[in-house]
Amino acid sequence: MSRLPIMAGNWKMNLNHVEAVGLVQKLAWTLADQHYDPTKCEAVVIPPFTDLRTVQTLIDGDKLPLKHGAQDLSQNDNGAFTGDISADMLVKLDCSYVVIGHSERREYHHESDELINAKAVKALSKGLVPIICVGEGLEVRRQGTHVEHTVAQVKGALAGISGEDVAGLVIAYEPIWAIGTGEVATPEDAQEVCGAIRAAVRDLYGDSVADQVRIQYGGSVKAANVGAIMAKPDVDGCLVGGASLKPEEFAAIIRFYD
Ligand code: PEP
């Protein structure tokens, strides 16, 4: 079963809408120069909420071969939730994807597996594709229970979600100790956990769903290491932080297939 690779650039809390224009344009020019083929790898940018409108306008206006998504959403539809952003708001901005349960939200905003599950359910109900983040911290890795820990997060996030929906979503395995540290899990580390995630999905939903769900690796991915990571059979793409702010570097990651 062949799955379309997906590279998603999570800008985190960086750039303003003017800088966003520069980054998206430079990324698009670089990809065009290098004859990027969107049928070989899907390219997604994930700006802060405040840049989404600008990015939407650029992508739509210039028919750029990029998709865009948001870094979070509310599990609620609307109402008195100051500071939150709803799924409908993201849909109105043509978002295709939404990152849910990034380790920084789990840590700084105390997001639980239950909340992440509620957000995933909400995203799916509105036609947004969740990129559900899971992964262990250094302590868990040292104890050697990283596979069980991560699979439990996956099961928590997917609770009550249908096989049809799971087949279309994205799970990002991000060992927290490798995020923004320059420390990269080896391709074998990535495969160990991504393979275990797919096996867990197979147990829960069967072969067809497990063969369709896309699983990303994230953690200090760069042009120099993306090829070895993507060579692993259960890695279908990467969630990229720092390197996605550098247009040439992110373009090279997207074009890993050459
Ligand atoms: C991330 O933000 O999810 C991430 C993987 O960051 P970095 O690529 O900078 O490690």
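Side notes on the structure shown:
- Considering only alpha-carbon pairs that sit under 8 angstrom and 6 or more positions apart, the relative contact order computed for the chain is 22 percent.
- Estimated inter-spin distance, ALA152 and LEU138, nm [label 7 Å along Cα→Cβ]: 2.1
- Projected-area average for the chain over all orientations - Cα convex hull basis, square nanometres: 12.7
- Mean residue ellipticity (222 nm) of the chain, computed from DSSP H runs ≥ 4 via -39,500 (n - 2.57), nearest 500: -13500 deg cm²/dmol
- Charged neighbours of SER112, selected by a Cβ distance under 13 Å, balance to -1 (K, R count +1; D, E count -1).
- Neighbourhood net charge (10 Å Cβ-Cβ; Lys/Arg +1, Asp/Glu -1) for LYS126: -1
- Remark on ALA70: its backbone amide H falls under 5 Å from those of TYR97, VAL98, VAL99, a criterion applied only to residues 5 or more positions apart or on other chains, H modelled at 1.01 Å from N.
- Counting only whole DSSP H helices of the chain, the ones at least 20 Å long by C-alpha along their axis and with mean Kyte-Doolittle hydropathy no lower than 0.0 are 17-33.
- Inter-label distance, SER208 to ALA224: 4.5 nm, where each label sits 7 Å from its Cα along the C-beta direction.
- Note, ³J(HN,Hα) from phi for segment 167-183, Karplus 6.51, -1.76, 1.60, rounded to Hz, x at Gly and Pro: 4, x, 9, 10, 10, 10, 8, 10, x, 4, 5, 10, 8, x, 9, x, 7
- Near LYS26, once Lys and Arg are set to +1 and Asp and Glu to -1 for all other residues with Cβ below 12 Å from its Cβ, the sum equals -3.
- For segment 159-258, the set of chymotrypsin sites (Phe, Trp or Tyr not before Pro) satisfying both a DSSP loop assignment and a count of at most 13 other C-beta atoms within 10 Å is given as TYR257.
- Considering only GLN216, GLY180, THR54, the residue lying farthest towards the positive end of the dipole of segment 6-254 is THR54, judged by Cα position with unit charges set on Cβ.
Values quoted throughout were computed directly from the atomic coordinates according to the rules given, and no laboratory measurement underlies them. Please read all numbers here as calculations on a predicted model, not as lab measurements. Positions of Cβ are backbone-derived with ideal geometry, glycine not excepted, and every protein chain shown enters the neighbour counts.
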